[in-house]
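Enquirer: Submitted below is the structure of interest, expressed as structure tokens.
Every read-out reported here was derived from the displayed coordinates using simple, explicitly stated rules and does not represent laboratory data. Quick caveat: nothing in here was measured; it's all calculated off a predicted structure. For neighbour counting, all protein chains shown are included, and Cβ atoms are generated from backbone atoms with ideal geometry for every residue, glycine included.
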Amino acid sequence: MSKPLGKILSEGKTKKVRETENSDVALLEFKDSITVLDGEKMDVLRGKAVINAHISAYFLEILEKKGVPTHYIEFVEPNMMKVKNLEMLPVEIVCRNIAAGHLVKNYPIKEGTLLNPPVVEFYLKDDARHDPMLNEDHFLILGLASRGEVKKIKEITLKTNRILSDALKAKGLTLVDFKIEVGRGTDGKIYVGDEINGDSMRIWEVGTDKILDKDVYRKGGTMEQVLNTYIQLYQKLLGKMPPIRGTKNE
Ligand code: UDP
């Protein structure tokens, strides 16, 4: 018999954070829910938890190997990651290589435009205020981070972008944009936390521009199309079918 899981410390739309015997370590348990528009649209997609947990572990392991500090410790079957407990910043950091999504909606730029250098944006995580964009001065006046930390966060984001773009290119995929979250470790340093997978990235197939991420759901795809998209992304990255038959993770 496996040990019961630790107490739930917090629960978001797509993950639960669980306690472990070590207060410096947490367990991130992925859920099968899929949401957009700050949770206004939400569905259950059986198998997504397992797929996204594996893909997050895959990307975080690559980042660790290439010298980006992340919270990742190890994968825990079937849909969890053991991670360092971080003091998370309530900030989303977006990095864009190709214009899409909100950049195209809010600025006079056409979808598909190549962005060189990549564009880095910061957003305050605040559903009631619809996640307002932050500049570097806002970090200071809101007491979120020092100037040095903001510089470090930008450096880490751009390095993450280079590493993930190369890793995806090697699989015939283009990294259009992605979101990361960061936090402070017990050593006071900045680490990449949270998840990195088809929920937090835009990925297009080289040559066809076929969408392999959550945009299929955002654009109103059926649950079958959305699940197939997540399965295809898993297959392209890990070279095998995801172990999702009969899984249920709520
Ligand atoms: N993103 C995310 N969580 C959010 C908002 C955006 O993971 O709350 C990701 C999104 O998947 C995309 C990138 O950040 O890869 C840029 O998203 P954008 O600002 O264009 O907003 P969206 O159109 O995705 O709402």
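Enquirer: Give the stretch 206-250 a look and list any residue that's out of contact with any helix residue (DSSP H, G or I) (no Cβ under 8 Å at 6 or more places or on another chain) and among the polar types (S, T, N, Q), or say none.
Expert: T208, T222, N228, Q232, Q235
Enquirer: A follow-up question, please. Scan the stretch 172-187 for residues that are surrounded by 16 or more Cβ atoms within 10 Å (Cβ to Cβ) and not in a strand (DSSP E or B) and jot them down.
Expert: First pass over the stretch 172-187, keeping only residues surrounded by 16 or more Cβ atoms within 10 Å (Cβ to Cβ): 173-185.
The answer is G185, and nothing else.
Enquirer: For residues in the stretch 200-229 being within 16 Å of the ligand (Cβ to nearest atom) and surrounded by fewer than 13 Cβ atoms within 10 Å (Cβ to Cβ), which is nearest to S165 (Cα to Cα)?
Expert: Checked the stretch 200-229; the qualifying residue nearest to S165 (Cα to Cα) is D209.
Enquirer: Let me ask another. If you take just the strands (runs of 3 or more DSSP E) that sit entirely in the stretch 45-104, which of them hold at least 3 residues that are within 16 Å of the ligand (Cβ to nearest atom)? Before you say what the answer is, go through the steps one by one.
Expert: Numbers: elements: 72-76, 80-84, 91-98.
Answer list for the stretch 45-104: 91-98.
Enquirer: Identify the single condition in (1) touching a residue at least 24 places away in the same chain (Cβ under 8 Å); (2) within 17 Å of the chain's Cα centre (by Cα); (3) over 30 Å from S146 (Cα atoms); (4) assigned to a loop (DSSP other than H, G, I, E, B) that D213 does not satisfy, given that it satisfies every other one.
Expert: (1)
Enquirer: Between a first residue in the stretch 103-131 that is within 22 Å of K154 (Cα to Cα) and a second residue that is within 11 Å of the ligand (Cβ to nearest atom) and basic (K, R), which pairs have beta carbons less than 7 Å apart while being 6 or more apart in sequence or on different chains?
Expert: That search, which allows pairs on different chains as well, returns L103/R96; L115/R96; P118/R96; V119/R96; D131/K125.
Enquirer: Separate question: Would you mind telling me which numbered condition in (1) more than 16 Å from the ligand (Cβ to nearest atom); (2) crowded, with 20+ Cβ neighbours inside 10 Å R162 fails?
Expert: Unmet for R162, out of (1) more than 16 Å from the ligand (Cβ to nearest atom); (2) crowded, with 20+ Cβ neighbours inside 10 Å: (2).
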